[in-house]
Every structure is written in structure tokens, then in C-alpha cells.
1. Report, in whole Å, the centroid distance computed from the Cα atoms of the stretch 193-222 and the stretch 66-139.
2. Could you list the residues of the stretch 169-192 with an amide nitrogen less than 16 Å from a label point located 7 Å from the Cα of Thr159 in the Cα-to-C-beta direction?
3. What number do you get for the stretch 1-47 when its Cα radius of gyration is normalised by 2.2 N^0.38 Å, N = residues?
4. Of all DSSP beta bridges in the chain, what percent run antiparallel (nearest 5)?
5. Which loop-located GluC sites (Glu not before Pro) does the stretch 398-500 contain, where loop means any DSSP state but H, G, I, E or B and the Cβ has at most 14 other Cβ atoms within 10 Å?
6. Ignoring everything except DSSP H segments at least 4 long, calculate the 222 nm mean residue ellipticity for the chain; use -39,500 (n - 2.57) per segment, divide by total residues, nearest 500.
7. Just the number, please: percent antiparallel of the DSSP beta bridges in the stretch 1-147, rounded to the nearest 5.
8. Starting from the Kirkwood Rh over alpha-carbon pairs, what translational D in µm² s⁻¹ does the stretch 412-483 have by Stokes-Einstein at 20 °C and 1.002 mPa s?
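The values are calculated or read from the model by the stated rules, or taken from the named source; none is laboratory data. Quantities reported herein were computed from a predicted structural model and do not represent experimental measurements. Heads up, the Cβs are rebuilt from the backbone with ideal geometry, glycines too, and the neighbour counts pull from every protein chain shown. Protein only, heavy atoms only, side chains kept; ligands, DNA and RNA dropped before computing areas. Shrake-Rupley method; radii C 1.70, N 1.55, O 1.52, S 1.80 Å.
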Amino acid sequence: MHKRYITIWFRHLTTDWLALKRPALKNLPFVLAAKERGKMVVTAVNPIAEVQGISCGMAAADAKAIVPGLQVIDDQPGQAAKLLKSLGEWCIRYSPIIAIDLPDGLIMDVSGCAHLWGGEPAYLKEIVTRLRSKGYDARAAMADTIGAAWAISRFGRLTPIIESGGQATALLPLPPAALRLEPAIVQRLQKLGLYQISSFISMPRSVLRRRFGEGLLLRLSQALGQEDEVIVPMQIIPPYHERLSCLEPICTASGIEIAVTRLLEILCRRLCEEGMGLRTAILKCYRVDGRVEQIEIGTNRASHNIPHLFKLFELKISSVEPALGIELFILEAPKVEEVSPMQEVLWAGKPGLDDLGVAELLDRVAGKVGVNTIHRYLPDEHHWPERSIKPAPSLLEKPATVWRNDKPRPVQLLAKPEQIEVTAPIPDYPPMLFTYKGQVHYIKKSDGPERIEREWWLEDGDHRDYYNVEDQHGQRYWLFRSGHYDEGKGNQWFIHGFFA
């Protein structure tokens, strides 16, 4: 197959990423800088600062003198490599072979891919347009060789697509730097007045080797296609995806169960070898009539236990309608996590949430009543009671802080406090009675107040004075007054929870 390559150049890779992360910087001149030999040196420039004369390698102090309002932000080591890896994984939809080209590019082997998008122009336009829509200033070019595509993407001015065999002609008007040469070699060429590739491409090889070394000849041969260039593609982790084709359409529940068992055996074998377990799994059943039946399961902790996972699917197999028959089964695990090996104990203890049986029981209950009906909460470091808890995504997550037990808290806490009418002997005293949902509650006992301040670093507003009260029926409630009494504010009392 005839080779074709695309190289993508992200002109402002790290500054584009930072502008996406911090939108306030989008319309401001800013640079990234890192310490070099005792001084801060500019390592990346955004387009606005670049237009005003700032360039990489300049001292940050000089850059601020040129542009007084310039924002200087510390560069994060290795950030460019992380971004290119992420962008390369995204580009896998366009080519299976992608290599990272540090510090600001990607190389794609696109041989045999362009026809899927209607030809090379549409293919290249699709890639560049999608990347730019994500906020990255991207330029790309296509050619028979990596060197030619690299040169055109960064220095080309006419067309980004070089026809097959046309790389020599396309390279002629470009500067020597387009050949990916060392800066010292580029400077030597320019000192001799060789400002374009056309001025030395026809020179004898022996002359070029003697004056500029083997590096120039190697890059020139690679760009012209006279010597192969090897790239190291990214190692993309294959998705957890298994398929099972059927010789005859499957129409029975027992047949579906057999198919699920076989798919789980294959998938869980791989998960076990890699020390992973699935958190969600999707079974897709492709029917003969073209319809797709789908069922999904989820687990509270990562698992590759085949019997347990099969039981979760078994609860939902009855919802699959095979009709004339199912000819293809696909099992996907879109969410997987590492499985921590269980530590054996010498004596029976109380493993609590670490007990695998608890997690499997919750999975089976969730399969019957629904995933969104079972919740686990952890304490969160906030003053406001409704903000002091947060949902835990799994049983394995550990609390970042401890539960408060120094003050009584209601068993049932309302997500949002509800306003009530209160009668108090003196405005700042505990209430004598309150009306909630049309019912009057006469207070026999009360305890408080417990003042909880608003988090000033999040928002402005009044504090709350909480009271534990008990009505004439012995039922207890958690009430609070918002702020100090103010006749002009009207009713300032709320109910926030119920004690057992």
C-alpha cells in the first residue's frame, strides 16, 4: 500500500489549553515561563502576546517591560507531553497509527484512511476543523513522507496536501529549518547564504556531508522519500469489548444465558490478568430484523467475579426480546477500575464495607430496584448542613474528614430548608409554636441555639441559629432562624430536618 502521512502542528499548544481551562485569560496577553539558569524564561506565548512582540526564549522580565499588562504563569513540566497524548488518543478515530512529535505535534500514518471521509481534502479538513473547534490552533499537512508533511504543516503557504511524488517540488521554496535540522546547522547554512532548500538540494552529497554532517543528508533523504523513517506509535489500550457471533439465531432465554456466560468468561479472564474489574457493563444483542436489544449492569466496587456478574445480568435477561432471533452478542465494559486484592485475616473480624459479600448484595438489590435508589454519603468539609455531605461514587472511597458527632443532627435532613411560621415570646427567643404544612405544632421542649455561620469565602448572607424542638406529640424537629430578628424582613424561620 502506498504510504501517506499527516503531521499536525499545535502552534500554541499549552497556552491554548490554559485559555480553555481559565477562560478569563482568553482575551489577555500571557506567557508561560520556567526558571533557567537563575532567571525566568518564556517557554510558551499565546497569540495576543505573540502579536505584541513576545517570543519563546525571551526573559520574562524583558517580556513584561515590552507588554506592561503581560500575565506570566509558571510552566508545568511535562504538560505538553500529557496534552499530546490526550489529543493523540482522541485522533485514534482517524488513524490507528499515531505518534507523538514533541514538543508540539502529532504524526499520523493515514495510508488507506482518507477514502472513508470522501477523499484527502475532506479528510484533512475534518481533522483540522474538529481540533480547532476544541480550541486548539492547529495546522496540518499530508504527504508521502513524514519530513515533507512536517515541513509543509509549519512552513507551507500554498496547499496543505502534497500530491504523491511531489514532495521534492514542494520542499524547494522552504527554509532549511523545514528539514528539522539542528539550530547550529541552520545557522551555518544561513551564513553561507543558503536560505532555501532549493539552494543546496542539488549539491553533491560529499560536499554537504563534509560541510554540514550526516544529519542534513539524513533529514533530506527522509523528506524526499529516499530513506524510510520509523515512528513509534502510541500504545492505545484496547477497549474492554468482546463479541460472540451465532451460527443460528438465538431465540431462548437459556441461549442468551449461555452467550452471556461465554462473553463474561473471556472478558473477566483479561480483566483478571490485568488486575482490573468492571464497574459497568453493557450487553448488546443484535437481532435478525436489525433491532438492538440492550441491558446494562453496574457494580459498587470493581469485580471480575463471573458468577456474581452473571447473576446481575440474569435479573435483566427477561427484558430482552429476541423476536426472530439474535445473531450477534457484544459485551462492553466502558468503566473499569483496579481491583485491590483482599487481605486474608487469621481471625474473624468486622470487615464492614470491605466485605465483598456486602458489595455483591448491593449490586443484586440495585439490579432489582434500580441503581439510583441506593446511595452512600461521606462527610464534606462545609459549615452549611446541606453541604456537609457528598455522594460517594463507590464503596472503596474513604472519607477525607470525620463525621461530626459533637452536636445532635436529624435523621432526615431536607435538601432545602422550608419556610415556616413561628410564634416566639421575644423575637430572639426560641419559638413557642410553629406552623408547617398547615398544621400547628406546640413546642414543649427546646434546646439551642447552635449558631452556624455562612461560609464567607463562598457567598455573603446571614448566619443561622438552630434549635432542637419537641412538640406536644413528642416529635422532634430541627428549626433555625436566619440572621438576627428584623421586623422589616418578615418571617425568617425555617424547618431543616426531623429527628427519630
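1. 30
2. Backbone N within reach: 169-173.
3. Numbers: Rg = 15.6 Å, N = 47, 2.2 N^0.38 = 9.5 Å.
For the stretch 1-47, the normalised Cα radius of gyration is 1.64.
4. On the way: 81 of 86 bridges.
Looking only at bridges with both residues in the chain, the antiparallel portion is about 95 percent.
5. On the way: sites: Glu418, Glu421, Glu450, Glu453, Glu455, Glu459, Glu470, Glu487; in loops: Glu453, Glu455, Glu459.
Counting only loop positions with at most 14 other Cβ atoms within 10 Å, the GluC sites (Glu not before Pro) in the stretch 398-500 are Glu453, Glu455, Glu459.
6. On the way: 13 runs with 134 residues, N = 500.
After summing the helix terms and dividing by residue count, I get -8000 deg cm²/dmol.
7. Values: 23 of 27 bridges.
If we restrict to bridges inside the stretch 1-147, about 85 percent are antiparallel.
8. Numbers: Rh = 13.1 Å.
D, rounded to a whole number, is 164 µm²/s.
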